[in-house]
Amino acid sequence: MLTKPLKVLLACVVLLTLPVVSVVANRGYNRGAARNYADTWCKGRNPTYNCGYSNDCQNFLSQVLNAGALPQLKCADKWNNSCWWFTSCSDVSGSWYNVPTFNAHAQYWNGVRFAMQSSFYYLGAGDPILSRSPGGSWNHAAVYMGEGMAQEGTKAGQYCQLRSQHTTDRCRVWVLDYYPPDTQFQLWKVIW
Amino acid sequence: MKRKPFLVIGLAMIGALLVLGFEAKSALHSEAHIPSVLEIKVSDMSQEERTIASAIIEAYRQLEYATLTFDTSKLSTAFVDDLRFHLPDELRREVEIAFNNAPDKVGYLTYMEAWYNNWERGANLLEETWEKAQKEGKEIGLDDLKLLEEELGFIPAFRRTDPMPPEWEDWFRFYNIDFHEDVAVCLYDDGGRLWRAFLVKKAEGWYIANRILLEIHY
């Protein structure tokens, strides 16, 4: 049988490795859950996150990422680019609801939580799409929804790449719908 | 008996507050949420208004060409520098980054050329960095992006390779077109954004001399 020191050592090893195992086990962005959340709330407002932002696009994108179990990162300074969290409407990071700050957050974690992509073809359901127009900063956020049947927009009823979003609430429209030709994109793939 | 005048005054005040209150609110949002009934149908436009609508749509054809090729040589067929329309500082900065200076005479044409010039430079560097990282079996890192941003002076974006869908011209809505001698002011929506555009008349036709972004609703 095991001696007492060996038992203590074994217990220590188990206790020490448990958090690591737990973190590793929790890794893996749940794209199905993210997509389901986007489908549920693309035309509505989840009361938990309904903080009255005049433009809700980034708030909605953050909710989708959160539904996919991308871990929140809380810190003291809400405008610190490395952080991203929501506890309540009064305890929330800037990156949760502000597009340029979220873009800076994605850049900060590029290669760890997100990976910048050159085309929509590399994205998966639940990935962020940010955009910018002449005369403006990175000012709009949407969710890539994968391929499927467009529910509305110019390709309604057709099979294509899709996106959903808030501000102008859209559910499963063709990914390029209503983006004029001079619009730039930042495409982020969640690699957590 | 004496209560009746107070009741009338009170009701009048409540009514006034309701009307003024709603008017104040709608004034704040009037440009952001323009009812479709206010759209000017092309069939109802005067000949001159139709010319303005055509000039704007033609400008977007040139924007699409510039987006897909980064060739800005055709933008001057749709946009113009006009000293009456000064570039705001943030737009002037884009010109400075692109051409290393922004003389007083620059206007919206130069700004749009700068927009594509910077986009092309950023896309090329980004692609180089991305390909290098992919060859090494990794993603672009934070340090790579920081270096790019320091070198460029802005956050780069990849090029767009997909042409606009055939129906994109149907996205346009024109709400108001006013003429002031050789200047036309047009409130229009391109499907994703609400703009106030200022066009100036030249011998060859109308050119966009400025655009102010009012709302985004892609």
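The values are calculated or read from the model by the stated rules, or taken from the named source; none is laboratory data. As the structure is a prediction and not an experimental result, all values here were calculated from the model. Backbone-built Cβ (ideal geometry, glycine too); neighbour counts: all protein chains shown.
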Output for Cβ contacts, cut-off 6 Å, separation at least six or different chains, first residue closer than 14 Å to B:MET112 by Cα in the range B:50-64, second outside any helix (DSSP H, G or I), reads B:ALA59/B:ALA78; B:ALA59/B:ILE208; B:GLN62/B:LYS74; B:GLN62/B:ALA78; B:LEU63/A:PRO181; B:LEU63/A:ASP182; B:GLU64/A:PRO181; B:GLU64/B:MET164
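May I ask you to verify whether B:GLU96 is free of Cβ contacts under 8 Å to residues at least 12 places away in the same chain, more than 18 Å from B:ALA66 (Cα to Cα), within 14 Å of chain A (Cβ to nearest Cβ) and outside any loop (DSSP other than H, G, I, E, B)?
On the way: free of Cβ contacts under 8 Å to residues at least 12 places away in the same chain: yes; more than 18 Å from B:ALA66 (Cα to Cα): yes; within 14 Å of chain A (Cβ to nearest Cβ): no; outside any loop (DSSP other than H, G, I, E, B): yes.
Taking the combined requirement at face value, the residue does not satisfy it.
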If you take the residues of the range A:137-154 that are facing another protein chain (nearest Cβ under 8 Å) and either small (Gly, Ala, Ser) or farther than 19 Å from B:PHE158 by Cα (or both), which of them is surrounded by the fewest Cβ atoms within 10 Å (Cβ to Cβ)? A:THR154
Among the residues of the range B:123-143, are any in contact with a strand residue (DSSP E or B) (Cβ under 8 Å, 6 or more places away or on another chain) and among the acidic types (Asp, Glu)? yes
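On the given criteria, is B:ALA102 under 30 Å from B:ARG121 (Cα atoms), at pLDDT 95 or above and either outside any helix (DSSP H, G or I) or among the hydrophobic types (A, V, I, L, M, F, W, C) (or both)? Step through it out loud before you land on a result.
Working: under 30 Å from B:ARG121 (Cα atoms): yes; at pLDDT 95 or above: no; either outside any helix (DSSP H, G or I) or among the hydrophobic types (A, V, I, L, M, F, W, C) (or both): yes.
Criteria not met by B:ALA102.
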Which condition number in (1) within 12 Å of another protein chain (Cβ to nearest Cβ); (2) closer than 23 Å to A:CYS51 by Cα; (3) of a type outside the set (Gly, Ala, Ser); (4) buried (at least 23 other Cβ atoms within 10 Å of the Cβ) is the one that A:THR167 fails? (4)
For the range B:138-154, name all the residues that are more than 7 Å from chain A (Cβ to nearest Cβ) and either at negative phi or modelled with pLDDT under 90 (or both). B:ASP143, B:ASP144, B:LYS146, B:LEU147, B:LEU148, B:GLU149, B:GLU150, B:GLU151, B:LEU152, B:PHE154
For the range B:199-215, what are the residues that are without any contact (Cβ under 8 Å) to a residue 60 or more places away in the chain, over 17 Å from the mean Cα position of the chain (by Cα) and surrounded by fewer than 17 Cβ atoms within 10 Å (Cβ to Cβ)? B:ALA203, B:GLU204
Only one of B:LEU63, B:LEU83, B:LEU91, B:LEU87 is away from chain A (no Cβ under 12 Å) and either within 22 Å of B:GLU150 (Cα to Cα) or not charged (D, E, K, R) (or both). Can you tell me which? B:LEU83
